[in-house]
Amino acid sequence: MHQSCRWRDRSWHTVYALSMVAIVACQMAPRSEAAEWSLSPSIGVSGVYNSNLLLTPLPHSKSYGYWITPAAEFAGKTERLEVSSRIATDFVGYFGGEDRQFTNVFAPLSVRYQTEKDLIGFNGGFIRDNTLLGELQETGVVLQFTQRNQWTANPTWTKRLTEKLSLQSSIRFSDTTYEGDRLVDYRLVGGSGGFLYQLSERDQLQLSGTYIDFHTTDSPSPFRADFPGINMSLTHAFSESLTGTVYGGPRFLSTSSHSPVGDIMTSDTVWLAGASMTKRFERVSLRASLSRDLLPSGLGLLLETDRGEASASYDVSETLACSVTVVGILTSGTTNAVIGGVYPDSRYVSVTPKLSWKFLEWWQAEVSYMYRWRDTDSAIDSAQSHATTFMVTYYPPKLSYSY
């Protein structure tokens, strides 16, 4: 079946599945509870410029384009149940250096149900985006100019055993496919379970065991990697507005790949860790984080990433706000790629300042700039790009219902 037909069918299936989950979630709420439901539609139009859309060190031309983004945000809340989603579609066209037209789809769903001792949650949905939009910011790796379709599901359950001790468990699932035949589809399944202990009013200690299974699908050279591990984290509230978290633990990585010359199996121990700090003032919010992680990739292998991120936002007034985000990623391949070889070490940096202005009751304008730079050990030269976006969004009156 043609790729475009496949993803359209999956999109309809996604809308249907999310609708069913939302209906079931609504039925979970006791009718005696007060409920509030709202729907907030919007439509945005953007003009974009990019000096190096593909982020390539080769000769290239400037690109111009447009984005049209209709969206609808749904939210529902009772005393025990919370449901939220923001379904959006991007109709995108580029011309100049790159003549391309494509469509992005975002259909997330978040559900939270709480009883006296139990907290049941779900996060997941369907995303159709571009590798240069989503996966590049996650892994720091440029995977051509390809559309990515990804299903995710992450149900969680927390049970309070005592006033200070809780049992936590979660399941993780994602299925990722790429249009075209140059990248490798993959599936990721895993879960975690452990305990959360409230050491004091300001300190939380979490100890958990995790397991992840990553394997390629529809590949002539199947590849599989699994990595059980142990993770411990400590969260400390220095004050009501300042919170910090540190975590870390080993992952016991085992891989197997099939090739014409035979099966190759490896094993290794990888240590993952991270830390984050969040500070909030009346009008200012600051956040900084460092992390080392293992991430799946359309290259058909696992990537080890060392990521640093810092962001700041400032509400100048009730109608004017500004923010800046800086991301730096060092990436290396921990396993052999299905498509051949080991991915060379790479470095990626992005800087994104943004300014938003609500100039009328239902209208908002936003201007942003993004600088991107990347370099790999296999490339002679590094690559960089400068991009600007101007967006105007119309927010019609919110529809709400309560009983």
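Structural remarks
- Any hit, segment 330-349, residues being within 19 Å of the chain's Cα centre (by Cα), within 27 Å of Ser257 (Cα to Cα) and either buried (at least 16 other Cβ atoms within 10 Å of the Cβ) or of a type in the set (Asp, Glu) (or both): yes
- Segment 190-205, residues that are crowded, with 16+ Cβ neighbours inside 10 Å and either among the hydroxyl-bearing types (Ser, Thr, Tyr) or under 23 Å from the mean Cα position of the chain (by Cα) (or both): Gly190, Gly191, Ser192
- In segment 100-159, the residues that are basic (Lys, Arg) and either crowded, with 20+ Cβ neighbours inside 10 Å or at pLDDT below 95 (or both): Arg100, Lys117, Arg128, Arg148
- Residue count for segment 173-210, restricted to those that are touching a Phe, Trp or Tyr at 6+ places or on another chain (Cβ under 8 Å) and among the charged types (D, E, K, R): 5
Yes/no per residue for (1) touching a residue at least 12 places away in the same chain (Cβ under 8 Å); (2) among the charged types (D, E, K, R); (3) under 21 Å from Gly180 (Cβ atoms):
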| position | (1), (2), (3) |
| --- | --- |
| Ala75 | yes, no, no |
| Pro108 | yes, no, no |
| Gln114 | yes, no, no |
| Glu135 | yes, yes, yes |
| Thr139 | yes, no, yes |
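- In segment 352-403, residue farthest from Pro57 (Cα to Cα) [restricted to those that are touching a residue at least 40 places away in the same chain (Cβ under 8 Å) and among the aromatic types (Phe, Trp, Tyr)]: Tyr403
- Going through (1) surrounded by fewer than 18 Cβ atoms within 10 Å (Cβ to Cβ); (2) under 21 Å from the mean Cα position of the chain (by Cα) one by one, Thr210 falls short only on (1).
- Some residue of segment 245-264 being acidic (Asp, Glu) and more than 27 Å from Thr177 (Cα to Cα): no
- Candidates Ser291, Ser267, Ser317, filtered to the one that is among the small types (Gly, Ala, Ser), over 20 Å from Asp185 (Cα atoms) and outside any strand (DSSP E or B): Ser317
- Some residue of segment 17-33 being farther than 23 Å from Leu143 by Cβ, at pLDDT 95 or above and surrounded by 15 or more Cβ atoms within 10 Å (Cβ to Cβ): no
- Just one of the numbered conditions (1) without any contact (Cβ under 8 Å) to a residue 40 or more places away in the chain; (2) closer than 30 Å to Phe214 by Cβ; (3) part of a strand (DSSP E or B) is not true of Thr331: (1).
- Scanning segment 86-123 for residues that are assigned to a loop (DSSP other than H, G, I, E, B) and touching a strand residue (DSSP E or B) at 6+ places or on another chain (Cβ under 7 Å) yields Gly97, Glu98, Lys117.
- Selection within segment 362-397 - farther than 24 Å from Glu138 by Cβ and at pLDDT 90 or above: Trp362, Trp363, Gln364, Ala365, Val367, Phe390, Val392, Thr393, Tyr394, Tyr395, Pro396, Pro397
The values are calculated or read from the model by the stated rules, or taken from the named source; none is laboratory data. What you see is a predicted model, and the numbers here were worked out from it, not measured in a lab. Heads up, the Cβs are rebuilt from the backbone with ideal geometry, glycines too, and the neighbour counts pull from every protein chain shown.
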